[in-house]
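This report refers to the structure that appears directly beneath it.
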Amino acid sequence: MKKVVVSIFTVLVALFAFTGSSNVQAQSATNATWTSAIIYQNTSNSSGNLSVTFYDGSGTEYSVASLPVTAFKSGTIQVGTVATSPGLPAGFQGSAVVSSDVNVAVTYLQFDSSAAYGRMIYNGFTADQGSLNFSLPTILKQKFGTTSRVGVQNIGNTSTSVQLRFFSSGSATPTFTDNKTIPAKASYIFSLNDYANGDIPVGFTGSLEIVSDSQPVVAASQETSDSGRAAYAFEGVAVGEQKVFVPTMICKKWDATSYYAVQAVGGDATFDIDHFDTDGTRQGGQTNVTLTSGAKLSVNPCADGVAADLNGSSVITTSSGRIQVVVKVVSDAGFSTGFIARGTGATRQALPYVRWSSDAASGYRSYIAVMNVSDSTASTVTAKYYDDAGNLVGTHNLGPLLPAQKTNTSVAMAVGAVDWNGSVVIESDQPVLVTNRSQINVSLGDTSQIAEDYTGIEIP
């Protein structure tokens, strides 16, 4: 069966190519020039073929010739380098559909050619993840030194009208609504800076609800520093969850702290927040928290009783209503990361983009967290490391894991401290959730590290 994965924000080089002005800082990720790549992983033991079609904002197609993919092979399709028919125009921005006759996992990577800013990573969507209603728990306009850029893709076969509803944090009434028509397979991509201050004011922090009248849509968000080097991205979700798991809870550990943006989806929600250390012991939290529909709450584990120098996991459980959660990790080293927290795990998860450099300042290193999200002990948990040709080169045994307990793995732990590119498959006898931190040491003024997180992809 053909597998379809949708990836938003596919660009050539000019998605953020601004000429600048007198009020723009010299080091501004918001105003940097970006390029992008699609990272794919064949997650089956069969060989097949993979194809990519790009779409601009009007729905015009640009096709890539079919690529062979052997069992467990991973690879990179760099936009602007790969040949398309017709050729992609300079400054292209739009969307892509990746199709294959074998099971594939796809991650999107956006980076600047100077390597002076954070890399933005998020996962593609399968066709069944689209919905008439889609949400992003957090969006910003020049708030906390950060601005959001959003992509909304129509994954249906005909044009659709969408309404964008911008909710200020804590408000049940939209600050502003906007209506757009999006052709089939095309995207509407916008920065919050594109909106007049009278519609969405400077300093806005809130959430976004997207309602489509006829065709399913998906959405993702990028957040970039207005006067710094931090940049990160995350997917939106179609429906909220009654229980959400966070594999990366950090309170002033490794000079970093995690923050959660919790949004009530589809109605009011009441929930408890529990934070656990790596042994699965509760370390703090909140109880009986209530949010009105569409409203957002910011959570800092350090303010919930978690002691400094701790890392672990969190569980957010509703007694009524549904929620969705974006996790951000902010470091004194100058980086920020973001990913969407999930409500369910899987016994098999894929990570298409895994790297290790023998020199932490010369290339990226991947640090993987695995959390047991079941109510039973996960007795057998393994991380299988495949090189980019699809060869199994290392297996790391991670179990047992108690409920809510997490552990870590890396290339250095499974293969060795060598230069390495490839992918990972996590397998467990109980559902788990997985995150991957991609990190490099740099010497860029106040920034000594650049990093980004993304989550594992459920696979058969």
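The values are calculated or read from the model by the stated rules, or taken from the named source; none is laboratory data. Predicted, not measured: the structure shown is a model, and the values here were computed from it. Cβ: placed from backbone, ideal geometry, glycine included. Neighbour counts: every protein chain shown.
Restricting ALA115, ALA105, ALA184, ALA90 to residues that are of a type in the set (Gly, Ala, Ser), closer than 30 Å to ALA230 by Cβ and modelled with pLDDT of 90 or more narrows the list to ALA105. Of all positions in the range 300-309, none carries a residue that is in a strand (DSSP E or B), among the hydrophobic types (A, V, I, L, M, F, W, C) and out of contact with any Pro (no Cβ under 6 Å at 6 or more places or on another chain). Scanning the range 105-149 for residues that are in contact with a Pro (Cβ under 7 Å, 6 or more places away or on another chain) and either surrounded by 24 or more Cβ atoms within 10 Å (Cβ to Cβ) or free of Cβ contacts under 8 Å to residues at least 60 places away in the same chain (or both) turns up ALA105, VAL106, THR107.
Within the range 182-224, restricting attention to residues that are β-branched (Val, Ile, Thr) and within 22 Å of the chain's Cα centre (by Cα), which residue is farthest from LEU291 (Cα to Cα)? Here the answer is ILE189. From the list ASP304, ASP332, the one residue that fits, being touching a residue at least 24 places away in the same chain (Cβ under 8 Å), surrounded by fewer than 23 Cβ atoms within 10 Å (Cβ to Cβ), under 24 Å from ARG229 (Cα atoms) and acidic (Asp, Glu), is ASP332.
Every test in (1) of a type outside the set (A, V, I, L, M); (2) in contact with a helix residue (DSSP H, G or I) (Cβ under 8 Å, 6 or more places away or on another chain); (3) closer than 24 Å to TYR122 by Cα is passed by HIS396 save one, and that test is (3). Taking VAL329, is it in contact with a Ser or Thr (Cβ under 6 Å, 6 or more places away or on another chain), of a type in the set (Val, Ile, Thr) and not assigned by TED's automatic domain parsing to the domain that holds SER74? Considered against the rule, which asks whether it is in contact with a Ser or Thr (Cβ under 6 Å, 6 or more places away or on another chain), of a type in the set (Val, Ile, Thr) and not assigned by TED's automatic domain parsing to the domain that holds SER74, VAL329 comes out as yes.
Does THR344 satisfy the criteria of being surrounded by fewer than 16 Cβ atoms within 10 Å (Cβ to Cβ), modelled with pLDDT under 95 and closer than 28 Å to ASP375 by Cα? Considered against the rule, which asks whether it is surrounded by fewer than 16 Cβ atoms within 10 Å (Cβ to Cβ), modelled with pLDDT under 95 and closer than 28 Å to ASP375 by Cα, THR344 comes out as yes. For beta carbons closer than 6 Å, sequence separation of 6+ or different chains, a first residue in the range 419-444 that is assigned by TED's automatic domain parsing to the domain that holds VAL393 and a second that is of a type in the set (Asp, Glu), the qualifying pairs are ASN421/ASP388; GLY422/ASP387; GLY422/ASP388; THR435/ASP453; ARG437/ASP453; SER438/GLU452. For the range 119-134, filtered to residues that are among the aliphatic types (A, V, I, L, M) and part of a strand (DSSP E or B), the residue that is farthest from SER225 (Cα to Cα) is ILE121.
Screening the range 287-301 for residues that are surrounded by 13 or more Cβ atoms within 10 Å (Cβ to Cβ) and of a type in the set (Ser, Thr, Tyr) and picking the one that is modelled with the lowest pLDDT gives SER293.
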